[in-house]
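A quick write-up on the structure given underneath.
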Amino acid sequence: MILLISLNCHARVFNLYNQSFGAYVRGSAGTSNAQQDAFLKTSGSQTQFTETIKYSSSLELGFMFPTPQYSFLLGFQVLHPQSLTSLEGKKSDDSLLMNVDSRIYGFFPVAHFDYFLKRTPNTRVIFSLGGGYGKVSVKNSYNLTPAGSALYSASQFDSSWSQYAYTFESSLGYEFVLSSSATMLFNMGYRYVKAHELKYDQDTPNFAGGTNPSGSPVKTSAGDAPVIDLGGIFAGISFQFYFNY
């Protein structure tokens, strides 16, 4: 009976046209517009810094809902500009006033609309628009030298601020089949994020010897509200896993 029965085997072929649900993980790195936004002019009017934030990175997880012509994505993104540690804040005569550790994070639920400019069963050229709304957090740790303490009536303290902000981004990418149920995507684009009107997360000492109450607006030494700009050019890589294959 085995010899008389003819068996036909059909291998399943991955086809991007047939996918309708999946998950993705995405990372990116690029330039940062944050520069010295988080600490310049908030660390005393006579303090100068030479270092600046040069790059930013992000990690995003989410789900995809593709069709043959476009895809809709929902995810959660963590944006992290370069952390700076032991920043030297100096006076104009080059005397050391303080060391500062500065960190910035952005936490954003996001949505993307991906339009397939060119597509085959195994590849796609994608134009993407996306955005979200989430929280930008800043934490600065100040450690003043004896010269800094004498000038500012402060010694050592932490200062945490936060505010909600919108994020927008656009990119151009190329997706190709990586395995029987996964693809890889490379993309480049620009991200826009600006946090205005930041407020203190808790009661915080200041450089005048007083205290900034929790919830009060953050001000620079000139009395202006600092703006944290997390935007910049980025390049990313994504791994996308399709569940209905």
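Taking the options 155, 149, name whichever one is of a type in the set (Gly, Ala, Ser), farther than 30 Å from residue 242 by Cβ, modelled with pLDDT under 95 and touching a helix residue (DSSP H, G or I) at 6+ places or on another chain (Cβ under 6 Å). Even if it seems obvious, please write down each step before you answer.
Working: 149 fails: touching a helix residue (DSSP H, G or I) at 6+ places or on another chain (Cβ under 6 Å).
Only one candidate qualifies: 155.
Taken together, the residues in region 142-191 that are open to solvent by less than 60 Å² (accessible area, probe 1.4 Å), touching a strand residue (DSSP E or B) at 6+ places or on another chain (Cβ under 8 Å) and either part of a strand (DSSP E or B) or not aliphatic (A, V, I, L, M) (or both) amount to 28. Looking only at residues in region 24-56 that are among the hydroxyl-bearing types (Ser, Thr, Tyr) and in contact with a Pro (Cβ under 8 Å, 6 or more places away or on another chain), the one that is farthest from residue 113 (Cα to Cα) is 42. Only one of the numbered conditions (1) surrounded by fewer than 22 Cβ atoms within 10 Å (Cβ to Cβ); (2) under 30 Å from residue 206 (Cβ atoms) is violated by residue 104, and that is (1).
All conditions but one from (1) aromatic (Phe, Trp, Tyr); (2) over 22 Å from the mean Cα position of the chain (by Cα); (3) part of a strand (DSSP E or B) apply to residue 207; the one that does not is (3). Name the residue that is nearest to the chain's Cα centre (by Cα), counting only residues in region 161-194 that are modelled with pLDDT under 95 and among the small types (Gly, Ala, Ser). Per the stated criteria, the residue is 182.
The values are calculated or read from the model by the stated rules, or taken from the named source; none is laboratory data. As the structure is a computational prediction, the values presented were derived from the model and not from experiment. Methodologically, a virtual Cβ is constructed for each residue, glycine included, from the backbone with ideal geometry; neighbour enumeration extends over all protein chains shown. Ligands, DNA and RNA are stripped out before the accessible areas are found, and what is left, the full protein with its side chains, is counted by its heavy atoms. Shrake-Rupley method; radii C 1.70, N 1.55, O 1.52, S 1.80 Å.
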